[in-house]
Amino acid sequence: MPDEVALLRAAYPRGVWEGHRHLGPMARFWLERHQMFRDLGGAITGAADQLRDGQIEAHAFMGWFAPRINFFLNELHTHHGVEDEHYFPLFRAADHRLGRGFDILDADHHVIDGLIHELAADANALAAALKGTGEIARAAETLAARLHKTLGGLIRHLDDEEEIIIPLILDRTEGVLGV
Ligand SMILES: [Fe+2]
Ligand SMILES: [Fe+2]
């Protein structure tokens, strides 16, 4: 994101966030959620790579994978919903110059929502293949490729979002912003 979009990033670089007196409970919780998406997304994608590469048996994989991908996709959908409905309007109202940044983040949510649906379909296709109605290797390859694409885009989105929102919170405080 260019500096004209991430307006306050240069004034509050990532290195000063931890330990800043204005990094309040909402910001800390929200950063922890983002880290959970990075960590769990990485674990899920790594496991899908192992399946694709024949390093793990497909039924054993599915027992581990199914609850985690369901949790991941549901939590991600809910997280974006809370941001769209609750946080983004408050942050937009705080500084109209950030409007372009929130337009980009909002558009990201739509793209990621599409990927969530495609991933759910890929996971279902793999489950069907395990029941004998499809080719497991092909389903595993499709799933792994989509997970890589989704995780790459998601991590960029999380980074961009943090670099717009955390500097705003540090600048204004959570209390003034009303979060
Ligand atoms: Fe987001
Ligand atoms: Fe987020």
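What the table below lists for this structure:
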{"item": "For the stretch 1-48, alpha-carbon Rg relative to the globular expectation (2.2 N^0.38 Å, N residues)", "result": "1.49"}
{"item": "Helix-only [θ]222 nm of the chain, DSSP H runs n ≥ 4, -39500 (n - 2.57) each, per residue, nearest 500", "result": "-26000 deg cm²/dmol"}
{"item": "Gain upon complete extension [Gln55, His117; 0.36 nm per residue less C-alpha separation]", "result": "19.6 nm"}
{"item": "Solvent-accessible area, 1.4 Å probe, carbon plus sulfur percent, for the chain", "result": "55"}
{"item": "Cα convex hull volume per residue for the chain (Å³)", "result": "115"}
{"item": "Additional length obtainable on full extension of the chain from Arg97 to Arg68, 0.36 nm per residue less Cα span", "result": "6.6 nm"}
{"item": "Solvent exposure of the stretch 14-177 as accessible area per residue, Å², 1.4 Å probe", "result": "50"}
{"item": "Net charge of Cβ neighbours under 15 Å - reference Ala121; Lys, Arg +1; Asp, Glu -1", "result": "-1"}
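The values are calculated or read from the model by the stated rules, or taken from the named source; none is laboratory data. Small disclaimer: the values here were computed from a predicted structure and weren't measured. All Cβ positions, glycine included, derive from the backbone under ideal geometry; neighbour counts span all protein chains shown. These accessible areas exclude ligands, DNA and RNA; they are computed on the full protein's heavy atoms, side chains included. Shrake-Rupley method; radii C 1.70, N 1.55, O 1.52, S 1.80 Å.
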